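Peer 1: Can you keep this structure in mind? I'll have questions shortly.
The values are calculated or read from the model by the stated rules, or taken from the named source; none is laboratory data. Everything numeric here is computed off the predicted structure, so don't read it as measured data. FYI the Cβ positions are ideal-geometry reconstructions off the backbone, even for glycines, and counts take in every protein chain you see. Side chains included, ligands, DNA and RNA excluded: accessible areas come from the protein's heavy atoms. Shrake-Rupley method; radii C 1.70, N 1.55, O 1.52, S 1.80 Å.
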Amino acid sequence: MAGKFLDFKTNVFLAPMAGITDYPLRKLVNEKGVVNLYSEMVAVNAINRKNPKTYRIADVSKENYPVIVQLVGNDPLLFADAAKLVADLGAYSIDINMGCPVKKIVGNNSGSALMKDLALASKIITETVKSTNLKVSVKFRKGWDNNSVNAVEFAKMCEDSGASFIAIHGRTRAQGYSGEADWNIIREVKESVNIPVIGNGDINSVYDAQKMIEETNVDGVMVGRGALGNPWFLGQIHNYINLKEEPRAISPIELKDALLQQLNDMVYFYGKEMAVSISRKYVCWYSKNLRDAKKFRETYTKIYDYDLAVKAIEDYFEKQEETVSL
Ligand SMILES: Cc1cc2nc3c(=O)[nH]c(=O)nc-3n(C[C@H](O)[C@H](O)[C@H](O)COP(=O)(O)O)c2cc1C
């Protein structure tokens, strides 16, 4: 079957991105193609304290497609409790964040800091697996820095601890999100375990996705930044790598409609004021290949009113050329 990856609908995954892969984005990307979706990361201590904002992020019960909910933290027992809570809130499967490079997270001995403590990382995975019937996966990096590249050892630990699959981002913590992702380490990880492996990093075209599969033999691919401003991208990857269908050009009118739909769903989810504020970054991403983008962004940044925001988006996208390559 095309794109077979365990019982997921495809082998193509939208990467978890804090502040981005929220309900409005997941809904849109799901409508535009065949793709598996992650949530934003959910802090285990906050969800266990029943923090309302965190609960809202974790609640995927109203979504009629599977969502992998990602947990972050460092206490195995809090992970176990959090896994039960997110299962009740509709998670299709549970992912453990062992790759986040952000200071606030690693300072808490969470995210990629766990790559330096395999015993604790293993305990977190085993306790989470014990607490739920859902699949538990782990997302991690090449290593902490170039002097401590341990992705292969880490991958084996994940498998031995009961992870159903893993996702590896080919950068070290020290690299953050810059420099090149190392696809060799992705191949080495794939060769070292029997559970399915997802490769992540530097996929910016459908051809990159195909190349990663050929070069590393991974079972699935994951894309983050390449999907920003292009909700069709993941579906196009699915269609290309599994069905050999070339991606089509997206028209400015389609971009406008997608952006307005996202804005509307943001209004429902966050309220009008916050929706307009969040939409600013999307306006930049959606207009990145269009004419007069700089001027439009400058104007849009000064808009606070929802109706004016809609009008500005309509005016800008409707006066563009027929088609555009993303
Ligand atoms: C704004 C932003 C937020 C992110 N948040 C998370 C997160 O919450 N959890 C996680 O595991 N990775 C997170 N990541 C990392 C991505 O999932 C992905 O590994 C990374 O962007 C590399 O893939 P790419 O080259 O396709 O963007 C984030 C990345 C970005 C750019």
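Peer 1: What number comes out for accessible area per residue over the chain if the probe is 1.4 Å? Units Å², please.
Peer 2: Values: 14030 Å² over 326 residues.
Accessible area per residue: 43 Å².
Peer 1: Got a sec? Charge dipole of the range 204-295, +1 on Cβ for Lys and Arg, -1 for Asp and Glu; which of 293, 206, 267 is way out at the positive end?
Peer 2: The listed residue farthest towards the positive side: 293.
Peer 1: Under 21 Å Cα to Cα from residue 295, which lysines show up? Leave out anything in the same chain fewer than 8 places away.
Peer 2: Partners found: 256, 281, 311, 319.
Peer 1: Kindly flag which residue pairs out of 84/142; 9/130; 27/294; 62/84; 62/139 have an alpha-carbon separation exceeding 20 Å in this structure. Intermediate values should be presented prior to the final figure.
Peer 2: Values: 84/142 29 Å; 9/130 25 Å; 27/294 28 Å; 62/84 18 Å; 62/139 25 Å.
In this structure, 84/142; 9/130; 27/294; 62/139 lie more than 20 Å apart at Cα.
Peer 1: A follow-up question, please. Mind checking the angle between helix 118-131 and the chain's longest principal axis? C-alpha axes, 0 to 90 degrees, to the nearest 10.
Peer 2: Value to nearest ten degrees: 80.
Peer 1: Share of the range 252-318's accessible area from carbon and sulfur, percent, 1.4 Å? Could the numbers behind the result be given before it?
Peer 2: Working: 1880 of 3480 Å².
Exposed carbon and sulfur together represent 54 percent of the surface.
Peer 1: Related question: Jot down the radius of gyration and Dmax of the chain, Cα atoms only, both in angstrom.
Peer 2: 19.6, 58
Peer 1: Does anyone have the angle between helix 272-286 and the longest principal axis of the chain? Alpha-carbon axes, 0 to 90°, nearest 10?
Peer 2: Computed tilt is about 90 degrees.
Peer 1: Test of understanding: in a Gaussian network model of the chain with alpha carbons linked when under 10 Å, which of 104, 156, 190 would top the mean-square fluctuation ranking?
Peer 2: Judging by the Gaussian network model, the answer is 104.
Peer 1: Mean shadow of the range 1-85, computed from the convex hull of its alpha carbons, in nm²?
Peer 2: Values: hull surface 23.9 nm².
Computed as one quarter of the Cα hull surface, the answer is 6.0 nm².
Peer 1: Sticking with this structure for a sec: Select from 132, 197, 278 the residue farthest towards the positive end of the dipole of the chain; place +1 on Cβ of Lys and Arg, -1 on Cβ of Asp and Glu, and compute about the Cα centre.
Peer 2: Farthest towards the positive pole: 278.
Peer 1: What is the percent carbon and sulfur in the accessible area of the range 1-142, measuring with a 1.4 Å probe over the protein chains and ignoring ligands?
Peer 2: Heavy-atom surface of the range 1-142 belonging to carbon and sulfur, 1.4 Å probe: 53 percent.
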